[in-house]
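Participant: Before anything else, here's the structure in question.
The values are calculated or read from the model by the stated rules, or taken from the named source; none is laboratory data. Since the structure is predicted, the reported quantities are computational estimates derived from the model, not experimental observations. Counting neighbours? That spans all protein chains shown, and the Cβs are built from the backbone with ideal geometry, glycine included. Heads up: the accessible areas ignore ligands, DNA and RNA and are worked out on the full protein's heavy atoms, side chains in. Shrake-Rupley method; radii C 1.70, N 1.55, O 1.52, S 1.80 Å.
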Amino acid sequence: WLRRRLGTFSPSRKSFCSMEAHTLDRSKFQTTYNLVGVKVPTQLTSKVVSQLKEFTWHKTRTVINDPEDDTKRIILLNSNVKGSDDLPEEKRSFFDKQAQPEAEIVTQTVTVGYDQLSAEEVLKQIVPPELELVTSYESVGHIAHMNLRDEILPYKYIIGQVILDKNKILRSVINKTGEINSVYRTFEMEVIAGVNDMVTEVHETNCRFQFNFAEVYWNSRLGSEHARVVDLFQPGQVVADMFCGVGPFAVPAAKKGVVVHANDLNPRSYHYLQHNGKLNKCMKFLTCYNMVCKVILNDLSHLPFTQSLRMVVNL
């Protein structure tokens, strides 16, 4: 079954690279692929697709009608498959024993538009290859938080629009433009795509957190650490969280019955800490402070539970 090696197939593409471009012309992104396909009788389609499912094409339809024979279908393979040598031995054996002589190898030209391309595939047609392409971001509810390098900033609005298009849960894309403030741990940012709405909601550790991302500190990449630490606490224990932010440790701990004394110097973090405590119905176990932490620690040191007090220091 297809013992010859087919030619190397690579997508043809149009270059779209404008330093001044602030809007995205989606019609320019047409990519043509020359794919290997397996032509089989209609009744064999399901069996062959099942055997080759990890090697099939997914950008558009995997199975198409044979334009020359309406009793047959063509199963498209992904663009990495150039010939039989790219398939494991057991797959080649399947065709030799079960699909021959009905199966036939063909080539099929497929044109893919903007909607079928990934963010990375689109941006590779925009950003010059000598620049490092960045498509990763921190997801903060409906906000994508990016840290773009200086050399790629001329493309920031296009990058933001592509990220927005390819991730339907997003409504805003922001880029960090300044260092983290040493006092409140906030940073300067600019909206590079979508709406200028920084009030968002994040679901984490079985809790809902609402806050203005421009006014407080939040790091979604710490979600696993938040869950790990909260899991260490037991109901009835007493915990002091002295740099609590909007409550990623304090709120889920209080929700499970831990007595939490939570403090943050940022008045906006304090506001959203109280809001999130009420939102998650755990204020019975949560006491909120907006003070210098050494003052609170001094006050807590006079209480009877001091010897068993546990500390969380979220740096």
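Participant: Per residue, how much accessible surface does the stretch 135-180 expose to a 1.4 Å probe? Answer in Å², no decimals.
Facilitator: Per-residue value: 43 Å².
Participant: I've got another one for you. Counting only Cα atoms, I'd like the Rg/Rh figure for the stretch 26-79, Kirkwood definition for Rh.
Facilitator: Expressed as Rg/Rh, it is 1.03.
Participant: Please report the carbon-and-sulfur percent of the accessible area for the stretch 169-221; probe 1.4 Å, protein heavy atoms only, DNA, RNA and ligands left out.
Facilitator: 46 percent
Participant: How much FRET efficiency would the formula 1/(1 + (r/R0)^6) give for residue 27 and residue 222, where r is the Cβ-Cβ distance and R0 is 30 Å, rounded to 0.05?
Facilitator: It comes out at approximately 0.15.
Participant: Could you give log10 I(q)/I(0) at q = 0.13, 0.15, 0.23, 0.25 Å⁻¹ for the stretch 269-315, computed by the Debye formula over C-alpha point scatterers of equal weight, without solvent?
Facilitator: Taken in order of the listed q values, log10 I(q)/I(0) reads -0.37, -0.50, -1.03, -1.10.
Participant: Here's something else I'd like to know. Just 291, 146, 189 to compare: in a GNM of the chain, with alpha carbon springs under 10 Å, which one fluctuates most?
Facilitator: Largest GNM mean-square fluctuation: 291.
Participant: Bin width 10 Å, alpha-carbon pairs only: give the P(r) of the stretch 176-315 as whole percents, running from 0 to the bin holding the largest distance.
Facilitator: All Cα pairs considered, the percentages come to 12, 43, 33, 10, 2, 0.
Participant: Further, regarding this structure: What number do you get for the chain when its Cα radius of gyration is normalised by 2.2 N^0.38 Å, N = residues?
Facilitator: The value comes to 1.41.
Participant: Hey, another quick one. Run the paramagnetic zone check for residue 303: 7 angstrom along Cα to Cβ, then residues of the stretch 253-294 with backbone nitrogen under 12 Å.
Facilitator: 259-263, 285-289
Participant: Shifting gears a bit: What FRET efficiency comes out for the pair residue 278/residue 115, r = Cβ-Cβ distance, R0 = 41 Å, nearest 0.05?
Facilitator: 0.45
Participant: Using each residue's phi in the stretch 58-66, evaluate 6.51 cos²θ - 1.76 cosθ + 1.60 at θ = phi - 60° and report the 3J(HN,Hα) Karplus result to the nearest Hz, with x for Gly and Pro.
Facilitator: Result, ordered by residue: 10, 5, 10, 4, 6, 10, 10, 6, 6 Hz.
Participant: Ok, one more. May I ask you to list the GluC sites (Glu not before Pro) in the stretch 131-180 that are in a DSSP loop and have at most 15 other Cβ atoms within 10 Å of their Cβ?
Facilitator: In loop regions of the stretch 131-180 (DSSP not H, G, I, E or B), the sparsely surrounded GluC sites (Glu not before Pro) are 132, 179.
Participant: Here's another thing I want to ask about it. With θ set to phi - 60°, apply the Karplus curve 6.51 cos²θ - 1.76 cosθ + 1.60 along the stretch 47-54 and write out the HN-Hα couplings as whole Hz, x wherever there is a Gly or Pro.
Facilitator: For the stretch 47-54, the Karplus-derived couplings read 5, 5, 4, 4, 6, 10, 4, 7 Hz, x marking Gly and Pro.
Participant: Can you give me the distance in nm between label points at residue 130 and residue 295, each placed 7 Å from the Cα along the Cα-to-Cβ direction?
Facilitator: 5.6 nm
Participant: In the full protein assembly as shown, how much of residue 111 is accessible to a 1.4 Å probe, in Å² to the nearest 10?
Facilitator: Accessible surface of residue 111 is approximately 80 Å².
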